[in-house]
Amino acid sequence: MLPLRTLGNTGIRTSALALGGRQLANSSLTQAEVASLVDQAIDHGMDVIDTSPTFAGAQEWVAKALQRGQRVKVCAKLGHGVAGAMDWTADSVTIGIHQALQRTGAEALDIAYLHGCSAETLEKNGVVEALGEAVEAGKVKAAGYAGEGDGLVWAVRSKAFGVVQASVSCCDPAAGRDLLRRAVARGIGVVAKRSMANAPWLEELAPADAAATEYQRRWEAMGLQVEMPPEELALRWTVYHPAVHVALTGTSSVAHLQANVQAVAMGPLPRHVVALVDGAHRRHEQDWLGQM
């Protein structure tokens, strides 16, 4: 079984490995394939499915799981892509929460994230206040922020969020070195996105994904020589990072999902492997900005 962890001071206890919802909207998958992927994830103890209005159908798959009595946490990203509201307004947050509750059939969202906005937006647009009101009303259990840069710094320093989500991987270590450790010390739950750095060891990359291209450059620069599959190294590095409670993984393959679970079950990386990765970071990390 996967390790269970509590997200900071939120009281939300969840699996250390979670399923990213983007692949549930993958148009190349049949409905039966998506259903099998969701069922396998839940059967292996993955009780978080990350959703967004831009991940078409992901929230509906959460609804089906809840209807079957499967225990999953209901998480949603907010602030943009909401019909009937301008992006990054209080209305976009309020309507987004309402729509997520309708689509999932849940009484409350376990985590609702303001997704990808700047510190300036957090300070001025009323989105933080709208999310706080939803928490007070019992529609959201934990307020979250997902993003990088000045927005992430603002979110960690503020007292507005119980959870933050940021890129943390062996190819994207900067936030986890300092900022997210402070978040953990302050009782904030940390969810790692891009936890496997878009698999930069693969030759074929998504053509429009600049982050994946940058991760491949970093992976090559590190030049790690380790006697284990790269996907195992990458996932174990993130899941057992001291500043990470939960790691998101996206996959469209049941076989890959099962391999990820098996890798996590092996526990933390050996110390000498961690030392190799740390050494590579010391040589190269200075110009490695976090990738959205």
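Selection of first residues in the stretch 182-196 that are in contact (Cβ under 8 Å) with a residue 12 or more places away in the chain and surrounded by 24 or more Cβ atoms within 10 Å (Cβ to Cβ) and of second residues that are part of a loop (DSSP other than H, G, I, E, B) and of a type in the set (Gly, Ala, Ser), restricted to Cβ pairs under 7 Å at least 6 apart or on distinct chains, gives the following pairs, ordered by first then second residue: Ile188/Gly8; Ile188/Gly162; Gly189/Gly8; Gly189/Gly162; Val190/Ala243.
Considering the conditions (1) modelled with pLDDT under 90; (2) under 22 Å from Leu7 (Cα atoms); (3) touching a helix residue (DSSP H, G or I) at 6+ places or on another chain (Cβ under 6 Å); (4) of a type outside the set (D, E, K, R), Met292 is excluded by exactly one of them, (3).
Looking only at residues in the stretch 159-173 that are in contact with a helix residue (DSSP H, G or I) (Cβ under 8 Å, 6 or more places away or on another chain) and β-branched (Val, Ile, Thr), the one that is farthest from Thr213 (Cα to Cα) is Val164. Residues that are over 17 Å from Val274 (Cβ atoms) and among the polar types (S, T, N, Q) within the stretch 211-245 comprise Thr213, Gln216, listed in sequence order. Taking the stretch 1-105 and the strands (runs of 3 or more DSSP E) fully enclosed by it, the elements with 1 or more residues that are modelled with pLDDT under 90 are at 17-20, 48-51, 73-78.
Could you go through the stretch 107-116 and let me know if any residue there is among the aliphatic types (A, V, I, L, M) and part of a helix (DSSP H, G or I). Looking for residues that are among the aliphatic types (A, V, I, L, M) and part of a helix (DSSP H, G or I), one finds none in the stretch 107-116, hence no.
One line per residue, one yes/no per condition, for (1) among the β-branched types (Val, Ile, Thr); (2) assigned to a helix (DSSP H, G or I); (3) buried (at least 18 other Cβ atoms within 10 Å of the Cβ):
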position: Arg218; (1), (2), (3): no, yes, yes
position: Val244; (1), (2), (3): yes, no, yes
position: Leu257; (1), (2), (3): no, yes, yes
position: Val261; (1), (2), (3): yes, yes, yes
position: His272; (1), (2), (3): no, yes, no
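Please tell me if Asn198 is at pLDDT below 90, over 22 Å from Gly279 (Cβ atoms) and out of contact with any Gly (no Cβ under 7 Å at 6 or more places or on another chain). Taking the combined requirement at face value, the residue satisfies it.
What are the residues in the stretch 146-193 that are within 25 Å of Gln216 (Cα to Cα), of a type in the set (D, E, K, R) and part of a helix (DSSP H, G or I), if any? Once the filter is applied, which keeps residues that are within 25 Å of Gln216 (Cα to Cα), of a type in the set (D, E, K, R) and part of a helix (DSSP H, G or I), the stretch 146-193 yields Asp150, Arg177.
Would you point out the residue of the stretch 95-119, among those that are of a type in the set (D, E, K, R) and either closer than 22 Å to Thr6 by Cα or without any contact (Cβ under 8 Å) to a residue 24 or more places away in the chain (or both), that is surrounded by the most Cβ atoms within 10 Å (Cβ to Cβ)? Let's see the steps before the verdict.
Start the filter on the stretch 95-119 by keeping residues that are of a type in the set (D, E, K, R), which leaves 103, 107, 110.
Among the residues that remain, those that are also either closer than 22 Å to Thr6 by Cα or without any contact (Cβ under 8 Å) to a residue 24 or more places away in the chain (or both) are: 107, 110.
Details: Glu107: 9, Asp110: 21.
Taking the candidates together, the pick is Asp110.
Determine whether Asp172 is of a type outside the set (Ser, Thr, Tyr), surrounded by 19 or more Cβ atoms within 10 Å (Cβ to Cβ) and either over 18 Å from the mean Cα position of the chain (by Cα) or farther than 26 Å from Ala35 by Cα (or both). Considered against the rule, which asks whether it is of a type outside the set (Ser, Thr, Tyr), surrounded by 19 or more Cβ atoms within 10 Å (Cβ to Cβ) and either over 18 Å from the mean Cα position of the chain (by Cα) or farther than 26 Å from Ala35 by Cα (or both), Asp172 comes out as yes. Applying the criterion of being more than 22 Å from Ala134 (Cβ to Cβ) and either touching a strand residue (DSSP E or B) at 6+ places or on another chain (Cβ under 8 Å) or not hydrophobic (A, V, I, L, M, F, W, C) (or both) to the residues of the stretch 148-165, the residue that is surrounded by the fewest Cβ atoms within 10 Å (Cβ to Cβ) is Asp150.
The values are calculated or read from the model by the stated rules, or taken from the named source; none is laboratory data. Just so you know, these numbers come straight off a predicted model, no measurement behind them. Positions of Cβ are backbone-derived with ideal geometry, glycine not excepted, and every protein chain shown enters the neighbour counts.
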